[in-house]
1. Could you please tell me which pairs satisfy a Cβ distance under 6 Å, a separation of 6+ or placement on different chains, a first residue in the stretch B:43-72 that is more than 15 Å from B:Gly19 (Cα to Cα), and a second residue that is more than 16 Å from ligand 1 (Cβ to nearest atom) and of a type in the set (Gly, Ala, Ser)?
2. Among the residues of the stretch A:29-45, is there at least one that is free of Cβ contacts under 8 Å to residues at least 12 places away in the same chain and in contact with a Gly (Cβ under 6 Å, 6 or more places away or on another chain)?
3. Out of the residues in the stretch B:1-31 meeting the condition of being at pLDDT 95 or above, under 16 Å from B:Arg70 (Cα atoms) and more than 9 Å from chain A (Cβ to nearest Cβ), tell me which one is surrounded by the most Cβ atoms within 10 Å (Cβ to Cβ).
4. Restricting the stretch B:121-139 to residues that are among the hydroxyl-bearing types (Ser, Thr, Tyr) and either over 17 Å from B:Gly58 (Cβ atoms) or modelled with pLDDT under 95 (or both), which is surrounded by the fewest Cβ atoms within 10 Å (Cβ to Cβ)?
5. Out of A:Val3, A:Val61, A:Val57, A:Val81, report the one residue that is closer than 19 Å to B:Ile16 by Cβ and in contact with a strand residue (DSSP E or B) (Cβ under 6 Å, 6 or more places away or on another chain).
6. Regarding A:Met65, is this residue at pLDDT 95 or above, within 13 Å of chain B (Cβ to nearest Cβ), within 17 Å of B:Ile23 (Cβ to Cβ) and part of a loop (DSSP other than H, G, I, E, B)?
7. Would you mention how many residues in the stretch A:84-97 are assigned to a helix (DSSP H, G or I) and surrounded by fewer than 20 Cβ atoms within 10 Å (Cβ to Cβ)?
8. Look at B:Asp14 and say whether it is part of a loop (DSSP other than H, G, I, E, B) and of a type in the set (Asp, Glu).
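The values are calculated or read from the model by the stated rules, or taken from the named source; none is laboratory data. From a predicted model like this one, the values you see are computed outputs, not experimental measurements. Here Cβ is always computed from backbone atoms with ideal geometry, including for glycine, and neighbour counts include all displayed protein chains.
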Amino acid sequence: MKVKELVEKFGLKVAAGQTGLDKEIKGGYCGDLLSEVMGNAGVGCVWLTVQAHQNIVAVAVLREMAAIVITGGSTPAPETVDKANAEGIPVLTYPGSSFELSGRIYAEL
Amino acid sequence: MTSIHKSYHVAKNDFIHAGEASIHVKNLLKSMNYNQDLVRRVAICGYEAEMNLVMHGGDGELSVDVNSERVILEVADRGPGILDIELAMQEGYSTAKEEYREMGFGAGMGLPNMKKNSDALKITSEPGQGTHVSMTFYNKG
Ligand SMILES: Nc1ncnc2c1ncn2[C@@H]1O[C@H](COP(=O)(O)OP(=O)(O)OP(=O)(O)O)[C@@H](O)[C@H]1O
Ligand SMILES: [Mg+2]
């Protein structure tokens, strides 16, 4: 599944990183502790997190992720948006919990 | 392959630019068509060492030395140093401040990630002087 299909299917909002919407999603990961995510998330994953600050973008770039979904209704900080646009990493938002969204995505991947 | 050496300044508490040096290194190795698995391991280790400098250390440099056989990644800071390196290496050990924990730092997994993803890890530290982390990654083709 491509990131843009994920956006449509689950009603996600694209907050940044439009140019990366054609990336292919190879899996998923949930986590809010950055080093834990860095060590365990798979390459090409969509990452669900409540963290919305700028440092999530470096994690996504360095781990070669397909996209970040900020769950729980938060919106990305302006610095997060700028960085994600510069790096072409889609940052999506979802009002519900990581648990709920990951269950729905898991069933589709 | 000729050997390449690059160095990037990294500043303490600079969360705005944190991670950028590691992204530069990753892009450099990618442009050299370096082994993909090695590039990924260097990216993880660079990120963890760079964040540790920013969060716990002091101003310093992240540098990389590349030839066809191996990559050496070094991160040196002029911060407070690490008193007990063996303790710091333990998974879950962290002295991160509460405000950083709220940002998702402080799992105490950075150094274990560096150990797991490098072929050799050497940390030297002089309390009050700073910390020097050196990691080697062998190109297995
Ligand atoms: N450059 C450094 N200067 C001073 N202390 C350091 C440095 N790097 C690591 N430490 C010490 O070692 C501890 C463990 O580091 P480690 O990277 O494993 O975990 P952390 O940074 O606290 O959390 P995480 O990396 O999971 O976000 C730190 O909490 C800190 O006390
Ligand atoms: Mg750390």
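1. Cβ pairs passing all conditions: B:Asn67/B:Ser3.
2. Looking only at the stretch A:29-45, we keep the residues that are free of Cβ contacts under 8 Å to residues at least 12 places away in the same chain, and these are A:33, A:35-36, A:39-40.
Add one more test, that the residue is in contact with a Gly (Cβ under 6 Å, 6 or more places away or on another chain), and what stays is A:33, A:35.
Looking for residues that are free of Cβ contacts under 8 Å to residues at least 12 places away in the same chain and in contact with a Gly (Cβ under 6 Å, 6 or more places away or on another chain), one finds at least one in the stretch A:29-45, hence yes.
3. Selected residue: B:Val25.
4. Ranking the candidates gives B:Tyr138 first.
5. A:Val81
6. Judged against the criteria, A:Met65 is a match.
7. 3
8. Numbers: part of a loop (DSSP other than H, G, I, E, B): yes; of a type in the set (Asp, Glu): yes.
Answer is yes for this residue.
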